[in-house]
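Throughout, read-outs are computed from the coordinates displayed, never taken from laboratory work. Remember, predicted model here, so these are calculated numbers, not experimental data. Ideal geometry is used to build each Cβ from the backbone, glycine not excepted, and the neighbour counts take in all protein chains shown.
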Amino acid sequence: MSVMPRNLEGQSANSQEVRPMRFALVFYPFNYKVHEENIRIVQKYFGVFPPLNEMWVAAIAEKHGHQCIIVDARTLMLSKAEVVDILKLFRPDIVGFRVTTYMFPDMLEWARHIKRSLNVPILIGGYNLRVYPKESLAHPEIDFGCVNSALYTVPRLLEELESGRRGFDEVPGLVYKKNGEIIQTPPHDPPERFDDYPNPARHLVPNELYAEFPTTRRNFSLMVTSKGCPMRCVFCEAGGTAYDPRSPEKVVDEMEECVRDYNIHEIDIFDYEFPMIRKRTMAICREIQRRKLDVVWCCRSRVDTVDEELLREMKKAGCHRIYFGIESVHQKVLNEVRKGITPDQVRKTIRICKELDIMALGFFLIGNPGESEKMIYETVEFAKELDLDYAQFSKLLAKPWSGYWKEMVARTGCDYWREWVLGKETDRPLARHWTKLSNEAIDRIARNCYWRFALRPGYLFRETMKCGSLFEWKRKAAALFDMLFSQEGVSTGDPGFRIYNAAPLEDRRAAMERLWGPNFKFLSLPRIPKPPPPPILSYGTGESGPLKRRLKVFWFGRHAPAATPSPAPAAYPQSQRPPGEAAG
């Protein structure tokens, strides 16, 4: 039976008066899984990103008059006990989590702890709910699931909780429990448009602490300007989904808000394919130039949706880095995964980027159908020939709802991911029926690909010279050091996994006090654990090397320079702080 929110102090249970709901969203740390598509070092160092989905949900709830807090436990490196301390001051009526299929066990562990400590209803949302809605609510810790968009579901759910009516069958796109039965309501009709979304609630998160591996300016944030992708690559869970872009005006409005209100000067546009519609991309670029925004940005793109004219306009508007899905040098492999591009198109597009001084990063897949180890290393040579600024070599995985997932279920008669969500599947390697390469071989080859690409004197010298700050140099140097001296686990999870967070303890404390006020200062903040140095393992034996550990501390230090703080008084007025600030 779902736990309903507590009545206000001094308000009787029969009172018809209602008040805004206190809605807490928790972004939790998650462990490295055996079925990760990236090797551990990439997952660890690629970046510390803002919880964009939680920020959207909070913005939607605030728009309807509710009071929200986002606890980014991953970035602030908070334990479950510390998050509970913060939530006790905020006194939430409901706590929300975003969940992906891979991270479902991590979310469940956090939900279980918070439910036991606070006895509040738990709401979850995310792509996993679209694939496994009822399976997700099979766990007693979970009370509600947002199956589709939060735009209509969250306000209606909070309204029902606020009034005590419990008319959950009228909430669109909701899955909930009633008398021991799991019930799913129809989606909202008509479907929402992405243009109807408010801008993410960046005033609720520590913008000054975010960065990704290639970041050159601070503060840093993410944006998403479109949903879905009409392309049909069989390895992608978004293939063939409805494409819903925001208008150019709203995209640039959000960019301007980032610069003006949050001191953000670098943005990663996290669309599946940003330049999908040429006319829209041109309009966005010209509007950025017209407003003279002091911001650089990057995006993801196919090599066949851009040309010299468009790339030149993107460069003028501040685009300084593009992530291209290249996947392989072999046309046979590209055809197998239905990529729809050729190696010659790749060469042409990367050459234009180099001429325009746009950094080019290539995404490559390892373990494709019919691909041998020799063919994979030929793809690495192709990446070196292209003279890419960065390359990411990901292990092909049967992601939920992708073409390979559908093939896997049809072939085996068993849905691994469904069993995973139900808690019946353990952390074991996911079979790859489309390749003769073993999981162990793919793990080993993936690591070797990074060695072959990155450990070149000319490349290392160029990357060192490109570093614009000590902060950037330390981040890259730490990743290189781990690549050289750590032992990559083969087909094993890592329950002690932590992302690399260069923000020192003092910066994390300052961010929490700025966001939530002085009454949060007496919490367990002084007890926030400083991340221990990761074990420096000798490549051959896996045994700890104390000398190497001391050298690492000597060379790279324990902290990065302080980040650029967001402008506190103007961007974070007292009225925008959570009401928990007055508690205590």
Given charges at Cβ of Lys, Arg, Asp, Glu: the stretch 63-111 dipole, positive-most of ALA111, SER79, PHE97: PHE97
If you take the charge dipole of the stretch 146-289 about its Cα centre, with +1 on Lys and Arg Cβ and -1 on Asp and Glu Cβ, which of GLN184, PHE194, ILE284 is farthest toward its positive end? ILE284
Fully extended, how many nm does the chain gain between ARG338 and LYS63 (0.36 nm per residue separation, minus their Cα-Cα distance)? 94.8 nm
Please list, in chain and number order, the residues 5+ apart from MET359 or on another chain whose amide H is under 5 Å from its amide H, with Hs placed from the backbone. ARG321, ILE322
For the stretch 325-458, the charge dipole (Cβ of Lys, Arg +1; Cβ of Asp, Glu -1; about the Cα centre) points to a positive end, and the Cα of PHE393, HIS330, LEU455 closest to that extreme belongs to HIS330
Checked against a 21 Å limit on the C-alpha separation, the offending pairs among LYS315/LYS384; LYS374/LYS436; LYS227/LYS384; LYS348/LYS466; LYS339/LYS395; LYS80/LYS178 are LYS315/LYS384; LYS227/LYS384; LYS348/LYS466; LYS80/LYS178
Taking R0 as 22 Å, what FRET efficiency do you get between ASN199 and ASP294 from their Cβ-Cβ distance, rounded to the nearest 0.05? 0.75
Out of all DSSP beta bridges with both ends in the stretch 118-241, state the antiparallel percent to the nearest 5. 65
In order through the stretch 377-389: 3J(HN,Hα) via Karplus (6.51 cos²θ - 1.76 cosθ + 1.60), integer Hz, x for Gly, Pro: 5, 5, 5, 4, 4, 5, 4, 5, 4, 5, 6, 5, 6
Taking the Cα centre of the stretch 9-156 as origin, work out the dipole magnitude from +1 charges on Lys and Arg Cβ and -1 charges on Asp and Glu Cβ, in debye rounded to 20. 100
Pop out the ³J(HN,Hα) list for the stretch 355-372 in order, Karplus 6.51 cos²θ - 1.76 cosθ + 1.60 with θ = phi - 60°, rounded to Hz; leave Gly and Pro as x. 5, 8, 6, 9, 5, 10, 10, x, 9, 10, 10, 10, x, 6, x, x, 8, 9
Counting only other residues whose beta carbon sits under 9 Å from that of LYS115, what net charge do I get with K and R as +1, D and E as -1? 0
Normalised by the residues of the stretch 292-382, what does the relative contact order come to in percent, with Cα pairs under 8 Å and at least six apart? 34
Just need the Rg to Rh number for the stretch 274-430, please, alpha carbons only, Kirkwood Rh. 1.06
If you wrap a convex hull around the C-alpha atoms of the stretch 220-263 and split its volume per residue, what is the figure in Å³? 73
Whole-Hz ³J(HN,Hα) from phi, Karplus 6.51 cos²θ - 1.76 cosθ + 1.60, for the stretch 82-97, glycine and proline x: 5, 5, 4, 4, 5, 5, 4, 6, 6, 6, x, 8, 7, 10, x, 9
